[in-house]
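The values are calculated or read from the model by the stated rules, or taken from the named source; none is laboratory data. As the structure is a computational prediction, the values presented were derived from the model and not from experiment. Note that each Cβ is placed from the backbone with ideal geometry, even for glycine, and that neighbours are counted across all protein chains shown.
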Amino acid sequence: MKRTLVAISLVFSLTGRSHELEQTALKDSIVSFAEHYLGTPYLYAGASEKGFDCTGFVYFVFNHFGIKTSRSSSGFENSEGFTETEKAQIGDIILFTGTNSEIRKVGHAGIVYKNSDGKLYFIHSSSSKNHFGVTITCFTDSPGYQKRYLRVINILMKYLVLIFCLTFLVSCGDDQNQSNSSDNSNSEISLGDTCDCNELVIDSLGNHLLNDKAFTGICMSNYQGTDSKYLEKNLLNGRLHGKVEYYDREGQIILQEFYEDGNQKRTGGSDGATTCDCSELETQEVQGVSVYKLDNVPFTGKCEKFYDGQKQVYMESNYKKGLLHGYTVYYNRDGSTILMEKYENGEAVSAIH
């Protein structure tokens, strides 16, 4: 609440000297906060004091001030900015390609730390062996980063404009709010399409809300006290849409669910958690390999066939990502086994009579 009031106070002073002073103070606070984590080790997919990757560090710093940024490099891909480095100000986000500068896509990010006397510095979490972890780099003296440079984003101005628009909409009454709600929602998402699932509120209809608005993007949750992800949800307009994945502590997927507009499509994890009738599966030939789909999604789970008019299973087959994987078993009417076939990634490897 305190952060929100600070942001709103900035909005109401968008014109005049007071706005400039308050925005400068916020930028100084962001950089000062980032400095506290100098020397923190680089950690792949990290976004906590234990370690950061590049976007994890940017996300962590801005999130402290209630400002959402993308949690992944790809999330910055369509962000607008400017290329003139002399315009960069402290607190701006500076974007680079990955280590291969010929691939002109965002692969690294940092925060502008200083830009004066012809020298631009940025603070970031680096995976370089020479500067491993959170460090300050002089862009002006680094030909490597100059070659990889893409653009700078004034994230604070975008954030302030968004808050201003929200405040304006509230003051215009319910009808005006409704007519602009979709535009406002899209603006919010463009600033931060990734969040912690704990930040979302799920209402009685199953809608996922962030700040009382339907959320579109990806939410993630970690195992308590660790940086290991255990859950990732895809959401569209507040509804589960796409994949929902659960992970073990080693980062392996243990269960995968698919949703469309909040409705679960029947598919499960590699443990065969979902069972269906084999007649429901559709077969598609892909490069000579049969891929089995349920609800137009490569099936993971178990299907069964029954003797006509009986509850006795005639055949059961196990699948993983659309391929026969595990055992296919044939049964007599008394339930005894006739044949067992073992498959691995669609190929038969053994049979037991």
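Here is the figure for region 214-228: residues that are under 18 Å from residue 63 (Cα atoms) and in a strand (DSSP E or B) total 6. Scanning region 14-73 for residues that are in a helix (DSSP H, G or I), modelled with pLDDT under 90 and acidic (Asp, Glu) yields 20, 22, 28. Restrict the check to region 224-245 and report whether at least one residue is among the hydroxyl-bearing types (Ser, Thr, Tyr), touching a residue at least 24 places away in the same chain (Cβ under 8 Å) and at negative phi. No: zero hits.
Pick from region 114-144 the residues that are of a type in the set (Phe, Trp, Tyr) and modelled with pLDDT of 95 or more: which of them is nearest to residue 74 (Cα to Cα)? Let's see the steps before the verdict.
At the first step, the residues of region 114-144 found to be of a type in the set (Phe, Trp, Tyr) are 121-122, 132, 139.
Narrowing the set further to residues that are modelled with pLDDT of 95 or more leaves 121-122, 139.
Values: 121: 23, 122: 20, 139: 22 Å.
Ranking the candidates gives 122 first.
Which of the residues belonging to region 106-154 are among the aliphatic types (A, V, I, L, M) and over 13 Å from residue 87 (Cα atoms)?
Within region 106-154, the subset among the aliphatic types (A, V, I, L, M) is 106, 109, 111-112, 120, 123, 134, 136, 150, 152-153.
Once the filter is applied, which keeps residues that are among the aliphatic types (A, V, I, L, M) and over 13 Å from residue 87 (Cα atoms), region 106-154 yields 106, 109, 111, 123, 134, 136, 150.
All told, residue 48 falls short of being of a type in the set (Gly, Ala, Ser) and within 14 Å of the chain's Cα centre (by Cα).
Considering 52, 57, 132, 65, the condition of being under 25 Å from residue 218 (Cβ atoms), surrounded by fewer than 21 Cβ atoms within 10 Å (Cβ to Cβ) and aromatic (Phe, Trp, Tyr) is satisfied by 65 alone. Scanning region 298-345 for residues that are in contact with a Gly (Cβ under 8 Å, 6 or more places away or on another chain) and farther than 16 Å from residue 278 by Cβ yields a single hit, 342.
Kindly indicate whether residue 292 is part of a strand (DSSP E or B), among the aromatic types (Phe, Trp, Tyr) and in contact with a Pro (Cβ under 8 Å, 6 or more places away or on another chain). Can you show your working first?
Working: part of a strand (DSSP E or B): yes; among the aromatic types (Phe, Trp, Tyr): yes; in contact with a Pro (Cβ under 8 Å, 6 or more places away or on another chain): yes.
Yes, satisfied.
Would you pick out the residues in region 175-216 that are modelled with pLDDT under 50 and of a type in the set (A, V, I, L, M)?
At the first step, the residues of region 175-216 found to be modelled with pLDDT under 50 are 175-192.
Correct list: 189, 191.
Of everything in region 253-312 that is at pLDDT 75 or above and at positive phi, the residue that is surrounded by the most Cβ atoms within 10 Å (Cβ to Cβ) is 301.
Of the numbered criteria (1) modelled with pLDDT under 85; (2) part of a strand (DSSP E or B); (3) surrounded by fewer than 15 Cβ atoms within 10 Å (Cβ to Cβ), the one residue 243 fails is (3).
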